[in-house]
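Participant: Sharing a structure with you now.
The values are calculated or read from the model by the stated rules, or taken from the named source; none is laboratory data. Everything quoted here is computed from the prediction, not taken from an experiment. Here the Cβ positions follow ideal geometry from the backbone for every residue, glycine too, while neighbour counts run over all protein chains shown.
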Amino acid sequence: MSQTILCGEGVHREIGAILQQLGCRKFLLVCGGSFRRLPVAAYFDTLDIPYVTFTDFTPNPQYDEVCRGVESYRANGCDAIVAVGGGSAMDVAKCIKLYAPMSDDVCYLEQPYADSGIPLIALPTTAGTGSESTRFAVIYYRGEKQSVHHDSILPDYAVLDPVVLYTLPDYQKKCTLMDALGQAIESYWSVAATKRSRELAAEAIRTVVRHWRSYVFGGDAEATLEILRASNLAGQAIHITTTTAPHAMSYKLTTIYGLPHGHSVALCLPRVWEYMLTCADNALLAVLDEIAACMGVQSSTEAVALLDAMMQEMGLGGPVAQKRDEEIARLVAGVNVERLGNHPVPLSEDVLRRLYEQIVK
């Protein structure tokens, strides 16, 4: 599946022309509850093409919420989807695209996946997940995370417009920034890495490290565009490799402590890297040193220290447990084993427990 990427201030105004070119008669606009406060919202009201808004989903989208989106798409006779929002909006839109032609008689998660042919345009409003350029989505079914992946849910168009980032809350900027950096680092060291994925990941890492302070603390326009571009590059890299242990470990942290996804990933990343230094072979040590070089430091030890310093400067601390032993046991049991398969060193339950003991206060 191929994708067209548009990048630059004001490129959201190309969406109408894209929809006309696709022959769209009515589209489903999947967006978060804050959509009307975005600077791009008024643009959609200028379009000649009618649309229906779907906002009925939570930050960690539930299967039932996606089902309501499918119902809205069908009931309103839509023939295209536009997603405007963060990772949750992207996940919901991708699943609606995938599930819309399926039977209602069987759980969508249990049916074979096929390309629905529904056009999907993605306009991300955070610089973090890179979901606008991946074939993955995450939803929750009966309290358990479900990884949905199919080549056809890669959006046909990714529209990267920095104007949507100017009013992001500081904490959201920090969390999503660390998600982008985490994805790029994980993609680089993944066992599924390719020459192309590492090129994408390296550029994402260099860009984040170069611009993160100006983006988070300065609101600089150039830095904002660069971080948005870096997030997309990280997404493209993850599209090739998928994620590894820090992401696998992050999901239950989000579930138990209510931390945003990027915050959870960022807590796991340096501790996992630190552990890898104790058991990596020479080939992996060389890969880790390459990542450190992309971060502008001389060694993996310095790279881990830089990650910790970034977290401290941004005030992204670890969660405080109420029943520590019980919660750590739940965290270990909740690790996504599939994603551990992409990690370059094995992580036993005992190792996972020790890592979580360093993360949870």
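Participant: Give SER103, SER88, SER116 a once-over and let me know the one that is under 17 Å from GLN3 (Cα atoms) and of a type in the set (S, T, N, Q).
Facilitator: Of the residues listed, the single one that is under 17 Å from GLN3 (Cα atoms) and of a type in the set (S, T, N, Q) is SER116.
Participant: Only one of these conditions is not met by TYR113: (1) of a type in the set (Phe, Trp, Tyr); (2) at pLDDT 95 or above; (3) under 19 Å from the mean Cα position of the chain (by Cα). Which number is it?
Facilitator: (3)
Participant: Can you run down the residue pairs with Cβ atoms below 9 Å, 6 or more apart or on separate chains, where the first is in region 125-151 and in the same structural domain as TYR99 (by TED's automatic domain parsing) and touching a residue at least 60 places away in the same chain (Cβ under 8 Å) and the partner is charged (D, E, K, R) and assigned to a strand (DSSP E or B)?
Facilitator: Correct list of pairs: VAL138/LYS145; ILE139/LYS145.
Participant: How many residues does region 302-324 hold that are outside any loop (DSSP other than H, G, I, E, B), charged (D, E, K, R) and more than 21 Å from HIS261 (Cβ to Cβ)?
Facilitator: Result for region 302-324: 2.
Participant: State whether the residues of region 21-34 include one that is free of Cβ contacts under 8 Å to residues at least 40 places away in the same chain, within 21 Å of the chain's Cα centre (by Cα) and under 27 Å from TYR251 (Cβ atoms).
Facilitator: yes
Participant: If the requirement is being among the small types (Gly, Ala, Ser), farther than 18 Å from LEU160 by Cβ and over 16 Å from the mean Cα position of the chain (by Cα), which of these qualifies: ALA248, ALA221, ALA202?
Facilitator: ALA202
Participant: If you don't mind, another one. Scan region 25-39 and tell me whether some residue there is in the same structural domain as ASP91 (by TED's automatic domain parsing), more than 17 Å from ALA89 (Cα to Cα) and touching an Asp or Glu at 6+ places or on another chain (Cβ under 8 Å).
Facilitator: yes
Participant: For region 60-92, name all the residues that are closer than 22 Å to GLN20 by Cα and of a type in the set (S, T, N, Q).
Facilitator: Across region 60-92, the qualifying residues are SER72, ASN76.
Participant: Another question, then. List the helices (runs of 4 or more DSSP H) inside region 1-117, counting only whole elements, that have at least 1 residues being among the small types (Gly, Ala, Ser) and surrounded by fewer than 16 Cβ atoms within 10 Å (Cβ to Cβ).
Facilitator: 15-21, 41-44, 63-75
Participant: With the structure loaded, tell me whether THR129 is part of a loop (DSSP other than H, G, I, E, B) and closer than 27 Å to ALA42 by Cβ or whether it fails that test.
Facilitator: In short, yes.
Participant: I would also like to ask the following. Which residue out of HIS261, HIS239 is at pLDDT below 95, crowded, with 24+ Cβ neighbours inside 10 Å and not assigned by TED's automatic domain parsing to the domain that holds LYS145?
Facilitator: Of HIS261, HIS239, the one residue that is at pLDDT below 95, crowded, with 24+ Cβ neighbours inside 10 Å and not assigned by TED's automatic domain parsing to the domain that holds LYS145 is HIS261.
Participant: Moving to a separate point now. Is it true that some residue in region 92-109 is among the small types (Gly, Ala, Ser) and within 23 Å of GLY182 (Cα to Cα)?
Facilitator: no
Participant: Output the residues belonging to region 159-211 that are of a type in the set (Lys, Arg) and surrounded by fewer than 22 Cβ atoms within 10 Å (Cβ to Cβ).
Facilitator: The answer is LYS195, ARG196, ARG206, ARG210.
Participant: Follow-up. In region 241-288, what count of residues is obtained for those that are touching a residue at least 40 places away in the same chain (Cβ under 8 Å) and charged (D, E, K, R)?
Facilitator: Number of matching residues: 2.
Participant: Condition test on ALA303, is it within 27 Å of LYS173 (Cβ to Cβ), assigned by TED's automatic domain parsing to the domain that holds VAL208, without any contact (Cβ under 8 Å) to a residue 60 or more places away in the chain and buried (at least 20 other Cβ atoms within 10 Å of the Cβ)?
Facilitator: yes
Participant: Does ALA137 satisfy being in contact with a strand residue (DSSP E or B) (Cβ under 9 Å, 6 or more places away or on another chain) and within 30 Å of ALA42 (Cβ to Cβ)?
Facilitator: Yes: the conditions hold for ALA137.
Participant: Quick check on region 242-258: of everything there that is β-branched (Val, Ile, Thr) and farther than 15 Å from VAL360 by Cβ, which residue is surrounded by the most Cβ atoms within 10 Å (Cβ to Cβ)?
Facilitator: Per the stated criteria, the residue is THR244.
Participant: Can you work out which of the residues in region 185-236 that are farther than 19 Å from ALA303 by Cα and not in a helix (DSSP H, G or I) is modelled with the lowest pLDDT?
Facilitator: Once the filter is applied, the top-ranked residue is GLY219.
Participant: While we're looking at this one, here's another question. Which of the residues spanning region 14-55 are of a type in the set (Asp, Glu) and at pLDDT 95 or above?
Facilitator: GLU14
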